[in-house]
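The values are calculated or read from the model by the stated rules, or taken from the named source; none is laboratory data. Since the model is a prediction, treat every value here as computed from it, not as a measurement. Neighbour counts run over all protein chains shown; Cβ positions are idealised from the backbone, glycine included. Only protein heavy atoms, including side chains, enter the accessible area calculation; ligands, DNA and RNA are left aside. Shrake-Rupley method; radii C 1.70, N 1.55, O 1.52, S 1.80 Å.
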Amino acid sequence: MEILQFDFMRNALLVGLLVSVACGMIGTYVVVKRIVFISGGISHTAYGGIGLGYYLGFNPMLGATLFTIVSALGMGLVQQRSSQRQDTVIGVMWAVGMALGIVFVKLSPGYTADLMSYLFGSILTVPERDILFILLLDLLIIATVYRYFEEFKAVAFDEEFARVSGLKVEFYNILLLLLVALTVVVMIRAVGIILVIALLTIPPAIAGEYSRGLKGMMGLAVVLGIIFTTAGLYLSYLFDLPSGATIILVAATGYILALLIKKKIHT
Amino acid sequence: MGKKVIEIENLFVELDGITVLENVNLTVNEYDFLGIIGPNGGGKTTFLRVLLGLVKPARGKVRIMGNPVEKNRHLLGYVPQYAVFDRSFPISVEEVVVSARLARKQGIRFSNEDYRIAASALERVEMLPLRSRQMGELSGGERQRVLVARALAVQPRILLLDEPTASVDSRFAAGFYELLRELNREMTLILVSHDISAVSSYVKTLACMNRTLYYEHSRELNREMIENTYNCPVDLIAHGIPHRVLPPHDGVVGS
Ligand SMILES: Nc1ncnc2c1ncn2[C@@H]1O[C@H](COP(=O)(O)OP(=O)(O)OP(=O)(O)O)[C@@H](O)[C@H]1O
Ligand SMILES: [Mg+2]
């Protein structure tokens, strides 16, 4: 394919692959544990960190990492309290993160044009050093999921029994939210803060319809993620569309098709 | 008399500021088989949850094998009253049962020995043929049997069962009480049930729970005990227990 001759295209495909691995694995937990809303909150607070990076003049990706980690810890504490107002608190943290970002950006000196790439992604222009960063985060995610696969599964399936079995349920819940935070950081470059939640949940949601185990669900979600990012990338190149949004639309189309096919099989 | 496996002194429990249990005192010896009956909302489930460390007491002392709950709760097997699972969760029966081995597992994954223990637990509840079935594809009674198997796979010293026969068919229920009797040779049992007639013919001791525990070292269920807990025998009829199982005065139910 001629488009592969471009360096930026090869980088973009590589980023798509790395992103798909992270969100296929962690998105599976997000979907089965039904923590989509918490994950949305974590991803949006990243904007505060990006703004801080601009304001103080360091890499906004580091700012995003810092903010998502802090918000993951915060959400983890909220999750632990069994109060009925959980979702309200999460919604407030979500908005505060965004608001901080907006204020920091406004205060920042100089040019902030590529801000849009954090909000809506720009998989075609990810710098090499960020690719390396994403690769490291990916390895960390894979290693942690490999190590704690059974523990995460038990806590996700039946938290109470996991607790009775002597597992530190709080530890695994917070660890998982930290992985969500890292996954969000990995994904920001590709699809942007606003669209993260769609790519995090659509591939596992489809995979869940066709899987009989968490491992299979993760594997299928990773493959679907790769298909969606690659196809989205190609279409955005072909029709000169924004890459992040195109990837999401491709994924959403895939989701609808998967649901229709499933329905057809069952009737 | 065996050694003490559960010691409870002056236990008070509050949930949302409401006193649910008060002044519960109980000693359970090794290889006891204690049945607990009581009205809905009497605090039976809460009591088991205290033993499991899932509910913190407001006051009082709870010891499992001489130690605080946190230290020894891995010695407990638990069959919950309700199985509230996400039916779409992709997990097989075998995976659910082997998860009981988490506290004992050595490496990153479960060993062959863990799977063997899970299989023999499934065998005991006649669910081995369905080991590869998805949890979400089981009937309510089948799910309850899997929960029993999961509790057995812990290889507990003390097994807590919260109405384990509530949704299993009568053929399985009869066999199940035989299974409990067999298990009782290896471990201490505490069984919560509304099925008074079955309970009183299988357990060694019987207690009633209604905010507090009415307990005598026998399985003699006298009318006073029942009336203290249920307040009114009409409740018993509502539970499907015919009046005549109650002795006319201070008689004995069961054998
Ligand atoms: N999470 C909770 N918060 C507040 N109150 C609770 C909670 N769980 C139970 N209760 C109350 O505690 C009391 C005891 O409940 P529990 O579930 O222990 O009763 P039970 O004896 O198991 O009843 P059943 O026979 O219906 O299973 C009830 O009055 C109930 O309303
Ligand atoms: Mg109960």
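Since only B:Val69, A:Ile247, A:Val105 are under comparison, the one whose Cα sits farthest along the positive direction of the charge dipole of the protein assembly as shown, derived from C-beta charges on Lys, Arg, Asp and Glu, is B:Val69. Contact residues in the range B:66-96 by the 30 Å² criterion (accessible area, 1.4 Å probe, full protein complex versus chain alone): B:Arg73, B:Tyr78, B:Phe85, B:Asp86, B:Phe89, B:Pro90, B:Ile91, B:Glu95. In the range B:4-219, the DSSP beta bridges split such that about 55 percent are antiparallel, to the nearest 5. Each chain gives up part of its surface: B and A jointly bury about 2500 Å² of accessible area, both sides summed, for a 1.4 Å probe. With a threshold of 18 Å on the Cα-Cα distance, the over-threshold entries among B:Lys44/B:Lys71; A:Lys168/B:Lys105; A:Lys33/A:Lys264; A:Lys215/A:Lys263; B:Lys4/B:Lys204 are B:Lys44/B:Lys71; A:Lys33/A:Lys264; A:Lys215/A:Lys263. Expressed as a whole percent, the accessible area of chain A that falls on carbon and sulfur atoms is 70 (1.4 Å probe).
Scanning residues 5 or more positions from B:Gly35 or on other chains, those with amide H under 5 Å from its amide H are B:Leu191, B:Lys204, B:Thr205, B:Leu206, B:Ala207, with H placed 1.01 Å from N in the peptide plane. Computed per residue of the protein assembly as shown from DSSP H runs no shorter than four, each worth -39500 (n - 2.57), the mean residue ellipticity at 222 nm is -18500 deg cm²/dmol. For the range B:4-219, the relative contact order is 30 percent, taking Cα pairs closer than 8 Å that sit 6 or more residues apart in sequence and dividing their mean separation by the residue count.
Averaged over the residues of A:205-212, the number of partner chain Cβ atoms lying within 10 Å of the residue Cβ comes to 2. Here the contact order of chain A, divided by its residue count and restricted to Cα pairs under 8 Å and six or more residues apart, works out to 31 percent. Using the heavy atoms of the protein chains and a 1.4 angstrom probe, tell me the accessible area per residue for the protein assembly as shown in square angstrom. Solvent-accessible surface per residue comes out at 44 Å². For peptide A:145-155, the mean count of partner chain Cβ atoms within 10 Å of a residue's Cβ comes to 3. Each DSSP beta bridge with both residues in the protein assembly as shown is either parallel or antiparallel, and the antiparallel ones are about 55%.
Candidate membrane-span-like segments in chain A, meaning DSSP H helices with Cα atoms spread over at least 15 Å of their own axis and a Kyte-Doolittle mean of 0.5 or above, are A:7-32, A:36-56, A:60-80, A:86-107, A:128-147, A:169-191, A:196-210, A:214-239, A:243-266, with no membrane implied. Given the options B:Met127, B:Thr212, A:Leu200, identify the residue whose Cα lies farthest towards the positive end of the charge dipole of the protein assembly as shown (+1 on Cβ of Lys, Arg; -1 on Cβ of Asp, Glu). Going by the charge dipole, the pick is B:Met127. Taking Cα centre as origin and charging only the Cβ of basic (Lys, Arg, +1) and acidic (Asp, Glu, -1) residues, the dipole magnitude of the range A:1-155 rounds to 560 debye.
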